[in-house]
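Report on the following structure.
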Amino acid sequence: MLNFDWLKGVSQDTAKIIFLLLFIVIGIVVLFIPNNYIFQGIKKEDRHWWNNLKWWAITVLTILFYIYYIF
């Protein structure tokens, strides 16, 4: 059983802002990953935008950010 008593003093608005900031920070860190690392092992002519995992990660983070923002 998890004990979250240490979070009693944190308001819901503050917790929401912390989570949204975490999504933004993770997105910035993802953008710093070099493209050569992402496309390692794929020939230049076989590289397509849908193979870029940065775009997929940013898309998922954006969806999660929006869901957390609404609720």
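The values are calculated or read from the model by the stated rules, or taken from the named source; none is laboratory data. Since this is a predicted model, take the numbers as computed values, not measurements. Ideal geometry is used to build each Cβ from the backbone, glycine not excepted, and the neighbour counts take in all protein chains shown.
Every residue, every condition in (1) exposed (fewer than 12 other Cβ atoms within 10 Å of the Cβ); (2) of a type in the set (A, V, I, L, M, F, W, C); (3) at pLDDT 90 or above; (4) not in a loop (DSSP other than H, G, I, E, B), yes or no:
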{"position": "Leu2", "(1), (2), (3), (4)": "yes, yes, no, no"}
{"position": "Trp6", "(1), (2), (3), (4)": "yes, yes, no, yes"}
{"position": "Thr14", "(1), (2), (3), (4)": "yes, no, no, yes"}
{"position": "Ile18", "(1), (2), (3), (4)": "yes, yes, no, yes"}
{"position": "Leu21", "(1), (2), (3), (4)": "yes, yes, yes, yes"}
{"position": "Gly27", "(1), (2), (3), (4)": "no, no, yes, yes"}
{"position": "Glu45", "(1), (2), (3), (4)": "yes, no, no, yes"}
{"position": "Ala57", "(1), (2), (3), (4)": "no, yes, yes, yes"}
{"position": "Thr62", "(1), (2), (3), (4)": "no, no, yes, yes"}
Next item on the list: Test Phe71 against the stated conditions and say whether it is surrounded by 14 or more Cβ atoms within 10 Å (Cβ to Cβ) and closer than 27 Å to Leu7 by Cα.
Entry: no
Notebook entry, point to check: Which ones in the range 29-43 are within 13 Å of the chain's Cα centre (by Cα) and assigned to a helix (DSSP H, G or I)?
Noted result: Val29, Val30, Leu31
